[in-house]
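Below is one structure, written out as structure tokens; comments come after it.
The values are calculated or read from the model by the stated rules, or taken from the named source; none is laboratory data. None of these values were measured; they are calculated from a predicted model. All Cβ positions, even for glycine, are placed from backbone atoms using ideal geometry, and neighbour counts span all protein chains on display. Heavy atoms of the whole protein, side chains included, go into the accessibility calculation; ligands, DNA and RNA do not. Shrake-Rupley method; radii C 1.70, N 1.55, O 1.52, S 1.80 Å.
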Amino acid sequence: MSRICKDGFKQECINEQREVYGIAYTQNILSGRWKYLILWFLKSTERRYSEIKAFLGDISQGSLTKQLRELETDGLIKRKV
């Protein structure tokens, strides 16, 4: 009777608990130590990777890359090469 499967919430749970699912989905997307700050820093203009890294200071290159990729996969940011 599990409500969560390996891919996230089961469809019956999504249908029954729409409000809770929205909150859980948003929390899942924004989970990560730096994601809120990254989104805030990118809110007004495009930024280079080095600018984001300098702004965050203590973040490792691997962590920043991972968080940026997750935000891109979730459709919150768009990468331009």
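Remarks
- Amide H contacts of TRP34 (H built 1.01 Å from N, in plane; Pro and chain starts excluded): no residue 5 or more places away or on another chain comes under 5 Å.
- Label of the coordinate-derived value, log10 I(q)/I(0) by the Debye sum over Cα atoms at q = 0.13, 0.15, 0.25, 0.27 Å⁻¹, listed as (i) -0.67, -0.78, -1.13, -1.23; (ii) -0.45, -0.59, -1.30, -1.39; (iii) -0.51, -0.63, -1.19, -1.35: (iii)
- HN-Hα J in Hz across region 48-58 - Karplus 6.51, -1.76, 1.60, θ = phi - 60°, x for Gly and Pro: 7, 3, 5, 5, 5, 4, 5, 5, 7, x, 7
- Between GLN17 and THR65, the simple spin-label model (points 7 angstrom out along Cα→Cβ) gives 3.7 nm.
- Surface share of carbon and sulfur [accessible, 1.4 angstrom probe, percent] for the chain: 51
- Within a straight-line Cα-Cα reach of under 14 Å, LYS66 can be paired with the following aspartates and glutamates, leaving aside sequence neighbours fewer than 8 residues apart in one chain: ASP74.
- For ILE77, distant residues with modelled amide H under 5 Å away: GLU72
- Full-stretch length increase - ALA54, TRP40 - with 0.36 nm per residue and alpha-carbon distance subtracted: 3.6 nm
- Rolled with a 1.4 Å probe across the full set of protein chains, the surface gives ASP74 an accessible area near 60 Å².
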